[in-house]
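S.K.: Quick one: structure below, then a few questions.
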Amino acid sequence: MTIRVLRPGLLMTVQDLGRHGHQHVGLCPGGAMDPISLTLANALVGNEPGAAALEITVLGPDLEFTRDTLIALVGAEFESDIPLNRPVLVAAGSHVSISRAARGARGYLACAGGIAVPEVLGSRSTYIPGAFGGLEGRVLKRADVLPLAENAEQLSRERYEQLKNKRATSVRWSVPPFTVPDREPIVLHAIDGEHFADFDANMQRVFYDTVWRVTPDSNRMGYRLGGPALARAKTDEILSGPTALGSVQVPANGVPIALMADHQTTGGYPRIAEIASADVPRLAQIAPGGTVHFARCGLDMAAELRNDMRNRLQTVLRGIAWEYGK
Amino acid sequence: MAKLAPHGAVPLGDCAVNVEFSKTLDLEVNYAVQRLAAMVHGRALPWVRDVVPALGGLAIHFDPDHADVHGDAMSAALNAVSECLKQGLPKIDQVARTVEVPVCYEAEFAPDLTEVAATAKVTPDEAVALHAGSEFRVLMIGFAPGHAYMGGLSPKLAVPRRAAPRPIVPAGSVAIANDQTVVYPYAISGGWNIIGRTPLAVFDAEREEPSLFAAGDRVRFKPISRAEFLKQSK
């Protein structure tokens, strides 16, 4: 059983929840830029949260499904001929066309049983810089054939059968894609970075007052933020130190970079801020040209945001389980 | 060395903490940090995702909401560090490996060797002998998977980085700048002076140990001929 890529869209890769435990040899965890949407997409087709799915960016693909397949597309509001944010049973031989994202930047297309590419270092995620994981370690292109689980057709039918409130090929309900912005700029909560005090009071104010624009050269490694150049008061060299998902670095040119899923594990640029982990998937839903601003917060607030996100996710996951009669 | 004591613990967001021991490169501190990282890693705490030694400190990445974390994860991470320090770090020889890296220093693979030799006022052969005759130590892995920053370069070969970085440096290129040497794991852009190339894969995700180097490793470079290089590149 397979999915055939008829048109690849802008940037489509296979992603799961990433590979932890290798940062000491310079390999970041990677995985879905928006793991919340991936988790929802997987739940909608009855998968575990970490099953591999297609990460679709800004402009979606045309896909052909060789057999009956239960799928769900969650995340950005793509124009598509399938309904979003719900389980959909696509018939053997049918084509699914996903075009522009009207809102948000990334969608996750999950299939019952997951995308069956081999695991590399414990994950099926595509790591583009290292050319491994996913399908041949690369961005998907036209005529690619993605393997699905051997029993995917059976799983698809069985699971669709279990759903309570359904119509011919889908259901009447949908899940809220709560990482996708209603309006911009979005607020990103940020903790002071290690080098925050190296910036003078005026620069600190500029950082928190500016509406930053995500530049076109942003990618899975980092989001560059266009706005006023940030100058650090101190000029001494910084010893290369560890970085994390959501670290905001300021290189010499003054253009801040927010580190995303495929980030470097260490870096020698000053870190002005660290984005609260609950807000990173929301940043991943901002397309180039989109806007963000920062709100200063502490660790307590970051924990509260995390708990809030987790509670909302659990509530939705319980709702999905109920629809499956569990 | 005076007793190793952290002078700061800085949150790296809400899922990691950076425990700092020195803000400047101190080789003794660096080595201690690597042994400490190995020790913290060895505790295999279920809520710890990664322990990353850097030049002057180490990061502990964790799942703050893991069921096994009692109280707050950042304090728990710092406790783990102080417990390891109290217990005492392992001896250097118990953790350090020696990695031998075959390198072909012939002109085809060493576009900057002549210039480096001229700057250092030695012959290219002498430059090779200086590089291959030194023992290096991996100070940190970063920038890309398996990309090791190694200290121990002869001061005679201390040349600055190139003014204009090359857009693509071939994978396996062995390069020097200032007091360090690196081996490029992938074909990526880089500004270091290329003096040779190894046929070994620096990072291979399919290998049992994907990274050729780990922080703290001792490294020696062994000159090989072009023929040997081609044979080993398979």
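The values are calculated or read from the model by the stated rules, or taken from the named source; none is laboratory data. Here the structure is a predicted model, which means the values were calculated and not measured. No Cβ is skipped: glycine too gets one built from the backbone with ideal geometry, and neighbour counts run over all protein chains shown.
S.K.: Do we find a residue being modelled with pLDDT of 95 or more, assigned to a helix (DSSP H, G or I), among the hydrophobic types (A, V, I, L, M, F, W, C) and closer than 26 Å to B:ALA120 by Cβ anywhere in segment B:202-218?
M.R.: No, segment B:202-218 has no match at all.
S.K.: Are any residues in segment A:26-52 surrounded by fewer than 24 Cβ atoms within 10 Å (Cβ to Cβ) and touching a Gly at 6+ places or on another chain (Cβ under 7 Å), and if so, which ones? Outline the logic, then answer.
M.R.: Quick first cut of segment A:26-52, residues surrounded by fewer than 24 Cβ atoms within 10 Å (Cβ to Cβ) only: A:29, A:35, A:48-50.
Correct list: A:PRO29 only.
S.K.: For segment B:55-160, which helices (runs of 4 or more DSSP H) that fit wholly inside it have 3 or more residues that are touching a helix residue (DSSP H, G or I) at 6+ places or on another chain (Cβ under 9 Å), under 30 Å from A:ALA303 (Cα atoms) and in contact (Cβ under 8 Å) with a residue 40 or more places away in the chain?
M.R.: On the way: elements: B:73-87, B:92-95, B:113-120, B:124-132.
Fully inside segment B:55-160 and qualifying: B:73-87.
S.K.: Just give me the residues in segment A:51-75 being outside any strand (DSSP E or B), farther than 10 Å from A:VAL90 by Cα and touching a helix residue (DSSP H, G or I) at 6+ places or on another chain (Cβ under 7 Å), in sequence order. It would help to see each step written out before you state the result.
M.R.: First pass over segment A:51-75, keeping only residues outside any strand (DSSP E or B): A:51-52, A:58, A:60-61, A:66-68.
Still in the list and also farther than 10 Å from A:VAL90 by Cα: A:51-52, A:58, A:60-61.
Residue satisfying the conditions is A:ALA51 alone.
S.K.: Given the structure, is A:GLU55 surrounded by 24 or more Cβ atoms within 10 Å (Cβ to Cβ), closer than 13 Å to A:GLY107 by Cα and not aromatic (Phe, Trp, Tyr)? Write out each step before concluding.
M.R.: Working: surrounded by 24 or more Cβ atoms within 10 Å (Cβ to Cβ): yes; closer than 13 Å to A:GLY107 by Cα: yes; not aromatic (Phe, Trp, Tyr): yes.
In short, yes.
S.K.: Taking segment B:68-84 as the search range and keeping residues that are over 25 Å from A:GLN264 (Cβ atoms) and within 13 Å of chain A (Cβ to nearest Cβ), which one is surrounded by the fewest Cβ atoms within 10 Å (Cβ to Cβ)?
M.R.: Step by step, filter segment B:68-84, then rank; the result is B:GLY71.
S.K.: Of everything in segment B:38-67, what is away from chain A (no Cβ under 11 Å) and more than 23 Å from B:HIS7 (Cβ to Cβ)? Give them in sequence order. Before the answer, list the steps.
M.R.: Taking segment B:38-67 first, the residues away from chain A (no Cβ under 11 Å) are B:39, B:42-43, B:45-47, B:66-67.
Within segment B:38-67, B:GLY42, B:LEU45, B:PRO46, B:TRP47, B:HIS66, B:ALA67 meet the criteria.
S.K.: With the checklist (1) within 14 Å of chain B (Cβ to nearest Cβ); (2) surrounded by 19 or more Cβ atoms within 10 Å (Cβ to Cβ) in hand, flag the one item A:GLU136 doesn't pass.
M.R.: Among (1) within 14 Å of chain B (Cβ to nearest Cβ); (2) surrounded by 19 or more Cβ atoms within 10 Å (Cβ to Cβ), A:GLU136 violates only (2).
S.K.: Restricting to segment B:191-215, count the residues that are out of contact with any helix residue (DSSP H, G or I) (no Cβ under 7 Å at 6 or more places or on another chain), buried (at least 23 other Cβ atoms within 10 Å of the Cβ) and of a type outside the set (A, V, I, L, M, F, W, C).
M.R.: Qualifying residue count, segment B:191-215: 1.
S.K.: Within segment B:17-30, identify whether any single residue is in a helix (DSSP H, G or I), touching a residue at least 24 places away in the same chain (Cβ under 8 Å), aliphatic (A, V, I, L, M) and more than 8 Å from chain A (Cβ to nearest Cβ), and answer yes or no. Break it down stepwise before answering.
M.R.: Going through segment B:17-30, the residues in a helix (DSSP H, G or I) turn out to be B:27-30.
Add one more test, that the residue is touching a residue at least 24 places away in the same chain (Cβ under 8 Å), and what stays is B:27-30.
Keeping just the survivors that are aliphatic (A, V, I, L, M) gives B:27, B:29.
Filter again for more than 8 Å from chain A (Cβ to nearest Cβ), leaving B:27, B:29.
So far as segment B:17-30 goes, yes, one or more of its residues are in a helix (DSSP H, G or I), touching a residue at least 24 places away in the same chain (Cβ under 8 Å), aliphatic (A, V, I, L, M) and more than 8 Å from chain A (Cβ to nearest Cβ).
S.K.: Looking at segment B:180-197, which of its residues are out of contact with any His (no Cβ under 8 Å at 6 or more places or on another chain) and away from chain A (no Cβ under 14 Å)?
M.R.: B:TRP192, B:ASN193, B:ILE194, B:ARG197
Listed here are the residues, each with its yes/no results for (1) more than 10 Å from every other protein chain (Cβ to nearest Cβ); (2) closer than 17 Å to B:VAL17 by Cβ.
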| position | (1), (2) |
| --- | --- |
| A:ALA233 | yes, no |
| A:ALA244 | no, yes |
| A:PRO251 | yes, no |
| A:VAL255 | yes, no |
| A:GLY268 | no, no |
| A:ALA273 | no, yes |
| A:PRO281 | yes, no |
| A:ALA284 | yes, no |
| A:GLY290 | yes, no |
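S.K.: Would you say A:TRP173 is assigned by TED's automatic domain parsing to the domain that holds A:ARG159, of a type in the set (Phe, Trp, Tyr) and within 26 Å of the chain's Cα centre (by Cα)? Quick ask: steps written out before the conclusion?
M.R.: Working: assigned by TED's automatic domain parsing to the domain that holds A:ARG159: yes; of a type in the set (Phe, Trp, Tyr): yes; within 26 Å of the chain's Cα centre (by Cα): yes.
For A:TRP173, the condition - assigned by TED's automatic domain parsing to the domain that holds A:ARG159, of a type in the set (Phe, Trp, Tyr) and within 26 Å of the chain's Cα centre (by Cα) - is met.
S.K.: So, in segment A:213-231, exactly how many residues are assigned to a loop (DSSP other than H, G, I, E, B) and either within 23 Å of B:VAL17 (Cβ to Cβ) or within 14 Å of chain B (Cβ to nearest Cβ) (or both)?
M.R.: Keep residues of segment A:213-231 that are assigned to a loop (DSSP other than H, G, I, E, B), which gives A:215-221, A:227-231.
This time we only want the ones that are either within 23 Å of B:VAL17 (Cβ to Cβ) or within 14 Å of chain B (Cβ to nearest Cβ) (or both), so: A:221.
Qualifying residue count for the region: 1.
S.K.: I would also like to ask the following. Kindly indicate the residue of segment A:167-206 that is touching a Leu at 6+ places or on another chain (Cβ under 9 Å) and free of Cβ contacts under 8 Å to residues at least 40 places away in the same chain and also farthest from A:GLY227 (Cα to Cα) among those meeting that condition.
M.R.: Across segment A:167-206, the extreme among qualifying residues is A:ALA168.
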